[in-house]
Amino acid sequence: MHSRLAIELASVALCAASVVAEAPRGSMPPRGGSILASQGIGEAFFAPFLGTIRERRAQWLQKAEAATPVLRHRTLQAKRIVKIEADASAFQGWAVRDAGTVAGVLNRRLSQGEEFIVDFGEHVVGRFVLGFVDFGRALDAPVRLALSFAEMPCELAEDQEASNPSLSRSWFQSDVFTFDDVATSEHRLPRRYAFRYVRVKVVGCSGGSRFGLGRLAVETETAADETRLAAWTPPSDEAAKIDATARRTLRDCMQTVFEDGPKRDRRLWLGDLRLEALADYETYRNFEIVKRSLYLLAGTCGGNGLVNSDAYERPSPRSGACRILDYTAIYAATVLEYLEASGDEETARDLWPLCVLQTKFVLNSVCADGVFRDNGKWWCFIDWQKPLNRQTAEQGAIIYGLKKTWALARRLGRTSDVKFIPDVVAKMEQGARDVLWNEAKGCFVCEKDAQVSWMGQAWLVLAGVPSAPSARRCLKTAMEDTQAVRPVTPYAHHYFIEALYAADMKGEGDALLLSYFGGMVKLGADTFWEVFVPEDHRAGPYRTHLMNSYCHAWSCAPSYFLRNAKYRALSR
């Protein structure tokens with residue numbers, strides 16, 4: 001059965017038009033007031049926690065600064081010269097082929113119009129270094145080079161300027177540099193880039209080919225310390241390759257915070273943070289970067305105490321002002337997991353008032369009957385899948401977050417601060433069974449359109465709503481339903497795989513991990529991508545795959561499943 005399932009899962013088909021970035025939108029009006037109001041919990045209950053948060057915000061930012069991790073560096077030389085050729089059998093239609101040694105382009109005279117592509121052999125993040133030679137002759141004109149940095153071949157083979165991305169073109173990593181003094185032995189570019197390939201083109205230079213390049217290198221940057229990597233024996237070569245790709249993804253996203261992508265967006269997102277932290281606990285065990293990320297989100301929370309979903313470090317810490325409901329729901333879970341991994345109870349207690357207050361925000365969209373109904377005030381994310389009705393998934397994510405908050409309260413001895421949680425959870429679980437469970441289909445469906453989705457089942461299973469037999473039934477139903485809405489991101493796939501494990505469906509979880517993440521490895525990924533649709537390699541939420549991030553933090557979690565003793569993914 002497992003081999004058949006792996007084949008089925010590997011053939012997930014979704015059209016590119018279904019992967020579109022969405023802003024917050026309403027779906028169904030609230031009815032009967034909020035569940036908090038029905039429990040007699042109002043603003044007065046949360047006021048003391050908000051007061052504490054306002055008092056601590058400045059201190060939280062100071063603690064975030066104090067926890068800034070040390071960046072580690074290594075210098076890598078370009079490995080080879082390559083050419084990119086059209087190949088229908090290759091990922092996104094482009095194959096990389098060997099075109100010679102780096103020695104063939106170094107220490108020789110270069111002329112205007114010459115260009116070549118160097119391959120560093122792996123995805124890297126850091127500062128590009130060029131060494132010049134002038135052959136002992138004075139240059140009567142500056143050297144001007146066009147440098148294009150690419151995570152994937154498509155970024156060099158296709159015309160970025162002809163694309164129409166929904167995000168700014170300034171994210172494209174193509175720049176022109178003018179060097180006045182090539183007698184200086186080396187030039188270290190000021191901007192940090194994320195890449196594997198670099199196209200070097202001479203767009204201007206002195207006549208007579210009076211200059212050349214003596215060195216092409218990168219000084220990498222990461223907060224990951226390879227000497228602290230936890231020991232682990234992979235159960236198979238496939239597992240080892242998936243783990244190495246996941247770790248490289250995590251490594252390159254570990255900067256002075258957990259970035260979502262070192263090419264784009266280069267900032268902290270709460271959803272990515274949680275999965276990065278889980279993978280970090282099993283690999284590099286850098287607790288300071290987790291602590292800094294938690295404090296940065298805390299210190300940039302709004303005046304009303306809401307933890308926004310993203311934050312910037314520079315030029316000074318500030319919120320990105322995105323309000324993602326399912327991200328806010330897991331802030332307390334992220335604090336709890338940090339406490340369990342690090343033993344740092346002081347930080348958990350310090351952030352506890354913030355964890356309490358997030359329950360107010362997420363429950364404002366839950367009606368008195370215990371059912372979540374989108375009031376249009378949130379960005380309900382879950383996945384980049386446009387057709388997805390997120391009601392069932394959000395119902396599960398909120399319950400899941402509340403249970404993690406209760407677990408944190410018990411760990412800290414503060415259950416009286418959130419005394420409403422057990423009753424609210426019971427009501428939401430009953431609401432899910434009464435309103436969202438469809439016995440005829442054997443799974444949870446959305447109230448408005450009876451939509452069946454993988455993520456709706458996943459989050460409600462993770463929240464512990466269905467019984468064990470019903471959990472297995474609803475997950476199996478969704479996987480076998482060709483009309484069910486399937487996820488398109490590694491982020492969502494993480495939670496579906498986790499739900500399979502939680503439902504004691506290890507064979508199915510292993511099969512999906514192997515077909516989905518292993519599928520990327522087979523296609524040549526040396527870091528895991530932001531979006532991956534097995535039958536549409538150009539899928540992406542930004543109107544062009546050229547804007548996709550091909551080293552994305554929320555995709556690093558396979559190392560967590562592979563290494564954690566609870567899951568032992570791909571082990572028999």
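None of the figures in this text is laboratory data; all of them are computed from the coordinates on show. Computed from a predicted structure; not experimentally measured. No Cβ is skipped: glycine too gets one built from the backbone with ideal geometry, and neighbour counts run over all protein chains shown.
With an a/c value of 1.5 or above and a/b not larger than b/c for the gyration tensor axes a ≥ b ≥ c computed over the alpha-carbon atoms, segment 301-433 is described as oblate.
In the chain, the longest principal axis of the Cα atoms and the axis of helix 468-480 are about 50 degrees apart. Most tightly packed first, judged by the mean number of other beta-carbon atoms within 10 Å of their residues, the peptides 236-248, 314-326 read 236-248, 314-326. Partner lysines whose Cα lies under 19 Å from the Cα of Lys476, excluding those fewer than 8 positions away in the same chain, are identified as Lys441, Lys506. Each peptide in 419-427, 169-177 gets a packing score, the mean of other Cβ atoms within 10 Å over its residues, and the list from highest to lowest is 419-427, 169-177. Applying 0.36 nm per residue to the separation of Glu439 and Thr101 and subtracting their alpha-carbon distance, the gain on full extension is 115.3 nm.
Beyond 29 Å in Cα-Cα separation lie the following of the pairs Lys448/Lys566; Lys427/Lys448; Lys79/Lys241; Lys241/Lys566: Lys448/Lys566. Straight-line cross-link reach from Lys377 at under 15 Å between alpha-carbon atoms covers these aspartates and glutamates, not counting any fewer than eight positions away in the same chain: Glu22, Asp326, Glu394.
Here the sum of -39500 (n - 2.57) over DSSP H runs of 4 or more residues, divided by the residues of the chain, equals -11500 deg cm²/dmol at 222 nm, to the nearest 500. Couplings for segment 266-272, taken from phi via the Karplus curve 6.51 cos²θ - 1.76 cosθ + 1.60 with θ = phi - 60°, read 6, 8, 8, 10, 5, x, 5 Hz in order; Gly and Pro are left as x. When Rg and the Kirkwood radius Rh are both evaluated on Cα atoms of the chain, their ratio Rg/Rh stands at 1.00. Once divided by 2.2 N^0.38 Å, the Cα radius of gyration of segment 148-199 becomes 1.35.
With R₀ fixed at 60 Å, the C-beta to C-beta distance from Ser168 to Ala37 puts the FRET efficiency at about 0.90.
Label positions at Leu229 and Ala138, each projected 7 Å from the Cα along the C-beta direction, are separated by 5.2 nm. Once every Cα of segment 72-222 carries one equal point scatterer and solvent is ignored, give the base-10 log of I(q)/I(0) from the Debye formula at q = 0.10, 0.19 Å⁻¹, two decimals. Result of the Debye calculation: -0.36, -1.24.
For segment 407-496, the mean projected area of the C-alpha convex hull, equal to one quarter of the hull surface, is 7.2 nm².
Backbone phi angles across segment 249-257, fed through the Karplus curve with coefficients 6.51, -1.76 and 1.60 (θ = phi - 60°), yield HN-Hα couplings of 4, 4, 3, 6, 8, 8, 10, 7, 9 Hz in residue order; Gly and Pro are listed as x. For the pair Glu288 and Trp379, a Förster radius of 35 Å applied to the C-beta separation gives a FRET efficiency near 0.75, rounded to the nearest 0.05.
By other beta-carbon atoms within 10 Å, ranking Trp379, Trp406 with the fewest at the front produces Trp379, Trp406.
Between Asp449 and Glu345, what length in nm is gained on full extension when 0.36 nm per residue of separation is reduced by their alpha carbon distance?
Fully extending the segment from Asp449 to Glu345 adds 33.0 nm.
Cβ neighbours within 10 Å, averaged per peptide: list 555-566, 96-107 in order, most packed at the top.
555-566, 96-107
Using a ≥ b ≥ c from the Cα gyration tensor of segment 443-510 (square roots of the eigenvalues), is it rounded, prolate or oblate, where a/c under 1.5 gives rounded and otherwise the larger of a/b and b/c decides, a/b for prolate? Oblate is the answer for segment 443-510, as a/c is 1.5 or above yet b/c matches or exceeds a/b. Site pair Ala66 and Asp180 shows an inter-label distance of 4.5 nm when each label is modelled 7 Å from Cα along Cα→Cβ. Its Cα gyration tensor gives segment 197-307 an equivalent ellipsoid. The semi-axes, each the square root of 5 times an eigenvalue, are 35, 24, 12 Å from largest down. In this structure, His73 and Arg414 have a Cβ-Cβ separation that, at R0 = 45 Å, corresponds to a calculated FRET efficiency of about 0.60.
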